[in-house]
Every structure is written in C-alpha cells, then in structure tokens.
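Inspection log for the structure reproduced underneath, given as structure tokens.
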C-alpha cells in the first residue's frame, strides 16, 4: 500500500524517477523502520517518513527517518565509513551508516540514546551506547564472543555495578555538541595527534532542551555502554534508568565521564 513517504528532489535526482515512484507506492519501502536520526521506531504507513540517502564515492545507502526529525535529503559521507556500515547491516532493513572507530567495521553498528540520569539528587546529561550485535576484537574471527565491554575497559571505561555514583573522567575523550545537536564522541588521536571520532552522527542528533541545558551547566556528559540487548530502545527516561540499573546489577555496564566540546 502507499507509504507516507517524503522523497526530496535531491534524493529523486540521485535514485531516479522510477525508483522514487516505486518507493512512493510502497515497493522497496519497509513499513516499520528505526529512524536514522533519533533511533526510535517509525512506521511509514502511519506517519510522515523522510527518505535519507547516504552517498559515498561509490556506494549509496537509503535510510528512513521520521519527517519530524529530519527532512528528506542527500548526505555525503566518506566511502570507507559507508562501506563499513553496509557490511555491518547486511540483511537488516534499518540503515544506520556509522560504526565505531577502533572497532572492526565488519562488526555491529553503535546506537546512541540521550537522556538525563539522576545521581546524588542531581540530573546529569547522559548518552547510552549499545551495539546492534556482538562486537569482536579487530583482527579476530569473533570466536571469543562479544568483547565490546572488554574493549571499552581497555580504553579506560570503568565497570558500573550501581547507578549511585559518578563515573571517573576519561581524559582525552569528549562529546562534540554543535548548535545544540550531538555530532560525535571523540577519542584521542594516535601518537598524540588531533582527536578523532569514535562515533559520529552523519545526520546531527537532536537532544532535548533539558539535556542541552544540563550539559552546558556541567560541561560534562556521562557515557554508559552495554552489550547488544542489555538496554534496548526505551521510550521514557524512567524506563531507560530501570534498564541501566538492571544492566549494572548484571555486570553488563561500563561508563565514563567526558567533557563537553562545543555548545
């Protein structure tokens, strides 16, 4: 059946009229999807949906987003990143063209959720990082299982067993916020070079005014990370906190505090 789909002129020019028309009548379009901007579920049969085309030098990936999050558009990305994203999401309807630097691009894609976390009677801006699947150590065949938390511990993250204290600052890492939108999680460059993106949003992610206000006040963001399936997509902050508490109690949570870069 026809979808409530927006296809911009730029996207149409890239994919051609025939393909654009097929999308509009429901061919090659998933009914349900994960928004490439806010990461929450969407339904192109029930709500306006934007087509977002990520284009590299040789590869293009069509993704879907809530029209209220971002308009239909063409986004230029590095071919290396796009190829890594394509390999990591093969077989999945949801397109998330980004992957964590320092982890093998053949591995799962990182999802990031923003929220406010209460610690010592004070609300702190937080990001929750969870891959879409198991993460193997670069250069291995994955036979040792999911090593996501171990890799982060080696980078300086700390285990979280209870959500009642602030995690230590991870020096050299930072959160890039520009014009009120989340752009990247930065890690130290090799050999003391300039910071590089560990995670980067190809379409800047919106954060709430409360989150932005708290981040600007403290100039620090708490980053929590858990293996695939430990947190899940939680529609409310109280449910997100419950999921974090469960992950911490189960030994499935690590965290670090990172300074805010930008405004």
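None of the figures in this text is laboratory data; all of them are computed from the coordinates on show. Predicted, not measured: the structure shown is a model, and the values here were computed from it. No Cβ is skipped: glycine too gets one built from the backbone with ideal geometry, and neighbour counts run over all protein chains shown.
Things to note:
- Remark: C-alpha extents of the range 160-263 on the principal axes read 37, 33, 26 Å, sorted largest to smallest.
- Note on residue 119 and residue 164: their simple-model spin labels are 1.4 nm apart, each label 7 Å out from Cα toward Cβ.
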